[in-house]
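To start, the structure itself, in structure tokens.
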Ligand SMILES: Nc1nc2c(c(=O)[nH]1)N[C@H]1C(S)=C(S)[C@@H](COP(=O)(O)O)O[C@H]1N2
Ligand SMILES: [Mo]
């Protein structure tokens, strides 16, 4: 691992914004306040959630950094950052969302295992870098190959961080070769985030960004890319980030029965209100985000202020002032949309948001029916309850 070093403790962590809500300190896992998410379409780097499984790697000498491309290829190579920067550069605006987003709400049904997250374990950034499909061409694997001449079917990304789940070994994950070689899948080796050099927390000097699938496959601090015959056997592919039915518990779990989760289902959340917040009766704006996986756009966001009896359709946008049109060439297909609706609020209302994607997929009404022991993919209708300002004031007297 030339150039890239993995500290064994947390004494060399980078500075972070003080308003992040820390869900776990070591490894550092934090999300912004939900209200910060909807201030802009592009999430500022310091407000972007940070999801780690070990101490943040560090580079002492960027000149000596190399990423190796190896495995089932005729001619393995090693690329420096200069080599990567010489390839055509793409900017892709994509939302990265942790599969554990909204886990805390799922654990209220029944306890789940994992870091607790509110609704802000996601962010939308413009990632700049080389396409993985171009990099694979350098080792002779051409466009739209799903089985390489040497029998490779998956592309494994390995980092250098030390994760306790891997017994001190590095984080790794794989994606199918067909996705990796497809230029339209926009899989990037990113060295920039929002126009700046990507920082340590988010993968400096080089990370993978796989748009449209759970964040866990977008490996940070890239050390090697291997063409392999079977999918990656690492912990985070085989014993984590799998979606089990509600009947499976820690006594009867059989990890081999499920495939590693890839695609993200349709999701949305209200960010302008915390649950049980105090609001004055009258008109308020209800704002949030909606996003789906697989490059599917958002068809609709429905909002109710009476616990689901009646619904209003929210206004959707990506660029401010321009209404979002799903599947329009001017829309960012891998990115979230922000939504907004104005409504009259009655005392003690239950406000709900639910989104529909362009494949007409809908969110489940209740979290109970999608409960799973690892607490992933809570995409149930997002509900916030509000309390009436006058009643709260009264009860405080
Ligand atoms: N090397 C490495 N890559 C990683 C992780 C990690 O712990 N180590 N966490 C993954 C998970 S679970 C998520 S959700 C995203 C989070 O990316 P971010 O911290 O840039 O938001 O990175 C993924 N890539
Ligand atoms: Mo994640």
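Only Cα pairs under 8 Å and at least 6 apart count here; give the relative contact order of region 267-395 as a rounded whole percent.
It comes to 35 percent, rounded to a whole number.
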(request) Treat each spin label as a single point 7 Å out from the Cα along the C-beta direction, and report the residue 143 to residue 110 distance in nm. (result) 4.9 nm
(message) Starting from 0.36 nm per residue, how many nanometres of slack lie between residue 275 and residue 8 once their C-alpha separation is accounted for?
(response) 92.2 nm
(request) Considering Cα pairs under 8 angstrom that are at least six residues apart, work out the relative contact order of region 217-327 and quote it in whole percent. (result) 16 percent
(request) For a footprinting-style exposure proxy, rank 8, 331, 159, 148 by other Cβ within 10 Å, fewest first. (result) 8, 331, 148, 159
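Semi-axes, largest first, in whole Å: what does sqrt of 5 times each Cα gyration tensor eigenvalue give for region 89-183?
So the three semi-axes of region 89-183 are 32, 18, 13 Å.
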(request) Sum -39500 (n - 2.57) across every DSSP H segment of at least 4 residues in the chain, then divide by the residue count to get the 222 nm mean residue ellipticity, nearest 500. (result) -1500 deg cm²/dmol
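So if we plug the beta-carbon distance of residue 313 and residue 35 into 1/(1 + (r/R0)^6) with R0 = 22 Å, what FRET efficiency do we get, rounded to 0.05?
It comes to 0.45.
Rounded, prolate or oblate: pick one for region 235-342, where a ≥ b ≥ c are the square roots of the eigenvalues of its C-alpha gyration tensor, a/c under 1.5 means rounded, and failing that, prolate if a/b is larger than b/c, else oblate.
oblate
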(message) From the mean inverse distance of alpha carbon pairs (Kirkwood) and the Cα radius of gyration, derive Rg over Rh for region 119-230.
(response) 0.97
(request) Can you pull a Stokes-Einstein diffusion coefficient for region 4-257 at 25 °C (0.890 mPa s), Rh from Kirkwood over Cα pairs, as a whole number of µm²/s? (result) 130 µm²/s
(message) Pairs of alpha-carbon atoms within less than 8 angstrom and 6+ residues apart define the contacts here; what relative contact order does the chain have, in percent?
(response) 17 percent
(message) Checking the a/c ratio against 1.5 first, then a/b against b/c, what shape does the Cα gyration tensor give for region 267-395?
(response) oblate
(request) Assuming 0.692 mPa s and 37 °C, estimate D for region 334-381 with Stokes-Einstein, Rh taken as the Kirkwood radius over Cα pairs, in µm²/s. (result) 245 µm²/s
(message) Students often get this wrong: which residues of region 240-282 have the backbone nitrogen under 19 Å from the point 7 angstrom along Cα-to-C-beta of residue 387?
(response) 272-282
(message) Students often check this: by mean Cβ neighbours within 10 Å, which of 186-197, 314-325 ranks highest, and how do the rest follow?
(response) 186-197, 314-325
(request) Identify which of 77, 370, 225 has the largest mean-square fluctuation in a Gaussian network model of the chain, with springs joining Cα atoms closer than 10 Å. (result) 77
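Values quoted throughout were computed directly from the atomic coordinates according to the rules given, and no laboratory measurement underlies them. Small disclaimer: the values here were computed from a predicted structure and weren't measured. Glycine also receives a Cβ, built like all others from the backbone with ideal geometry; neighbour counts cover every protein chain displayed.
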